[in-house]
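Okay, structure first, notes after.
The values are calculated or read from the model by the stated rules, or taken from the named source; none is laboratory data. Owing to the predicted nature of the structure, the values given are computational and were not obtained by experimental measurement. Heavy atoms of the whole protein, side chains included, go into the accessibility calculation; ligands, DNA and RNA do not. Shrake-Rupley method; radii C 1.70, N 1.55, O 1.52, S 1.80 Å.
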Amino acid sequence: MEELLADAEDITSESDWSHHSSPQKPIRSSPEPTIEQQCSSRISRAPGARSRDSGCPVRECPFVGRKLKFHVQSEHLPRIVWDNPQPPIKEEKFGEWTEGRYQLLLFLSRALVGSERVEDLVRWAEEVLSPLVPVQSQILDQSQQQMRSLSRWMRWVDPGQFQLKPINSPSVLIHWRYQVLMGENLEPAQRLEFLHFGHAFMSNLDNVQSSVFPYVLLHSSNARTLAGGSGKEPPREVPRYT
Ligand SMILES: [Zn+2]
């Protein structure tokens, strides 16, 4: 299953996430090491780490491996922002799905920069997060299409080709590299809300296709929770939109 979702973007170099120095610390000041320092030290001390393994940018997450995108999406991002959610969303629900992703950006804008304007979030992300995104990162075709859909939905200018650095559209912020970095800058209660964002929509069987993939068997906390097999409490609904 993981193989099916893996792509070239999962396979990154040893210097992934630690390629450049950040000119500015993340907005949440803390005596803890920066994401960058954590990734670097984790990679260097990981026993048996291979040269192309990448460390997860999330604090206290021990993951080091080649399928970083799959790991980040399944463990640290709300399913509404996965680029290949399983089961897939029905085509006639794409509008609601896209609106939900915009609402997620709006939530992040309020939480991280105290603004109702996603453009302000873009400005902050460009200054603070963009230096942490590896220079060789690319936006794959499927994500390009989803960013185009969001831009059309919001009537934002379509730059033609979306790019991570410099950020040339607010739609770029739905990319997993920015999503995980933004999630890392949230306070714990906000992060919980982030992780459950759009859960009601994404788990409504009226909105999804009957998938050929046994997604409940995925080794993700989200999927385990949805399958009721983790022994934990199911996620509390945090409806943000209808
Ligand atoms: Zn992780």
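Over segment 156-198, the pair-distance histogram of Cα-Cα distances with 5 Å bins from zero comes to 5, 21, 25, 19, 13, 13, 4, 0 percent, rounded to whole numbers. Here segment 82-170 exposes an accessible surface that is 48 percent carbon and sulfur, computed with a 1.4 Å probe and the other protein chains kept in place.
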